[in-house]
1. Nearest 10 degrees, 0 to 90: what angle lies between the long axis of helix 338-352 and the longest principal axis of the chain (Cα atoms)?
2. Starting from 0.36 nm per residue, how many nanometres of slack lie between ILE67 and ASP55 once their C-alpha separation is accounted for?
3. What are the principal axis extents of the Cα atoms in the range 326-415, in Å, biggest first?
4. Please list, in order along the range 89-99, the HN-Hα scalar couplings obtained from phi with the Karplus expression 6.51 cos²θ - 1.76 cosθ + 1.60 (θ = phi - 60°), rounded to whole Hz, x for Gly and Pro.
5. Could you check the spin-label model distance between THR110 and VAL39? Points 7 Å from the Cα along Cα→Cβ, value in nm.
6. Say R0 is 60 Å: what FRET efficiency, to the nearest 0.05, do SER204 and GLU13 get from their beta-carbon distance?
7. Multiply the residue separation of GLU411 and ALA371 by 0.36 nm, subtract the distance between their alpha-carbon atoms, and state the gained length in nm to one decimal.
8. Pick from LYS397, LYS335, LYS51 the residue whose mean-square fluctuation is largest in a GNM of the chain, springs joining Cα atoms under 10 Å.
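What follows draws every value from the coordinates through simple rules; no lab data is involved. Because the structure is a prediction, the values reported are computed rather than measured. Note: ideal-geometry Cβ built from the backbone for every residue, glycine included; neighbour counts use all protein chains shown.
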Amino acid sequence: MRQSQLFTKTRKEAPANEVSKNAILLIRAGYIHKEMAGVYSYLPLGLRVLKKIEDIIRNEMNTIGGIEMRTSIIQTKEVWEKSNRWDDNIVDNWFKTELKNGTEIGLSFTNEEAYSSMLTQYIHSYTDLPIYPYDFKNIFRNETRSKSGIMRGREFYWKALYSFSKDDAEHQEFYEKAKQAYKNIFQNVGIGHITYMTFASGGSFSKFSHEFQTITEAGEDTIYIDEAKGIAINKEVYTDEVIESLGLNKDKIIEQKAVEVGNIFSLGTKFSEPFNLSFTNESGEKQLVTMGSYGIGLGRLMGTIAEVLSDDKGLIWPTSVSPFSLHLIVLGKDKEGDTYKKAEEIYNELTKKGIEVLFDDRDESAGAKFADSDLIGIPMRVVVSDKSIAAGGVEIKERKGDKSEIITIEELYKTYKPNCE
């Protein structure tokens, strides 16, 4: 992509009413556009990051047997009345409206009922289980306040997988696979070193549910971490009994602020029972399906990465989710000159090789280009200038480092491979 053709622009300041670091940086760098509190549009750069995160999650879900589909956003009142979650006294963050004929509808705030109702048409026998459908979709929640940027939105993009199993043993086997898949996801997006599997309330279905919490002062949660064992306890269940049951030493536990970036729950038969989601077992008896849920908010995850992997100059994307692999910058305003022509040649060759390059071909000063490059946060900067050409090639610099070096153009071509390799 040529930066001159990218309609978005960097900004020196974020909107005056934006207080969250992640949204300030993402708005200034041209990744998102704020429509209102808790509602953001993803601009071209932002969408590229979101798609990279989506692909990482999709790969892990498919690896453990997930089947991707897409559920509708519009939900009918009758389905949700069966679980008693249409009632505003039970769920107070619905967005509700009605069709022209007066039929009441809601916009999805979660997916348990939608899947349970649908799968009554497809689950009949024990041979139909287990199944693990999931989807990526927009979710709507009418939050009272929303001031954490894209880490807490009124409209947000998420992945939700639901497991449907014959019994608890089969459910637990998948649940353990999901734990590892989630650890892999957070490792692969670059925050595994500060993200902890956190024991939280399991409700009436299991002793614990599991959240995945990333350490940040912007977090809304308080967790207690055993760094040696790599696990944590949410404040809501932090008791001596829980500490002892997990085999932890209270003297080695530290308190931290954190943001929840994913969660997995055992649901038992809470959502299969209202819909009579059952199957005939091997003995010919009717049995309710055992369920679990596994969620990740992609916008929240993107916002968390921006929040924790950044500095006073701007964003610092991990290679795995960066919108581009290289930020190619040409210095010099003479588009007919040899330096500019050499930069064009490098851009075309890298693009032909399948490498994702953002080419800053704008008529701007070196200082403005470097400042924008730091703000946008692509992991590697490649500068083509009269000086670099005279020194034998191009100047490269990692976004998270201070040192730069000159390498030959041939070395550049050998070093950077297509993202798929």
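1. That helix lies at roughly 30 degrees to the long axis.
2. Separation in residues times 0.36 nm, less the Cα-Cα distance, equals 2.9 nm.
3. 30, 29, 24
4. Running phi through 6.51 cos²θ - 1.76 cosθ + 1.60 with θ = phi - 60° gives 6, 9, 10, 9, 10, 5, 9, 10, 8, 8, 6 Hz.
5. A separation of 2.4 nm, rounded to one decimal place.
6. Step by step, r from the Cβ atoms, then E = 0.75.
7. 11.8 nm
8. Checking each option, the largest mean-square fluctuation is seen for LYS335.
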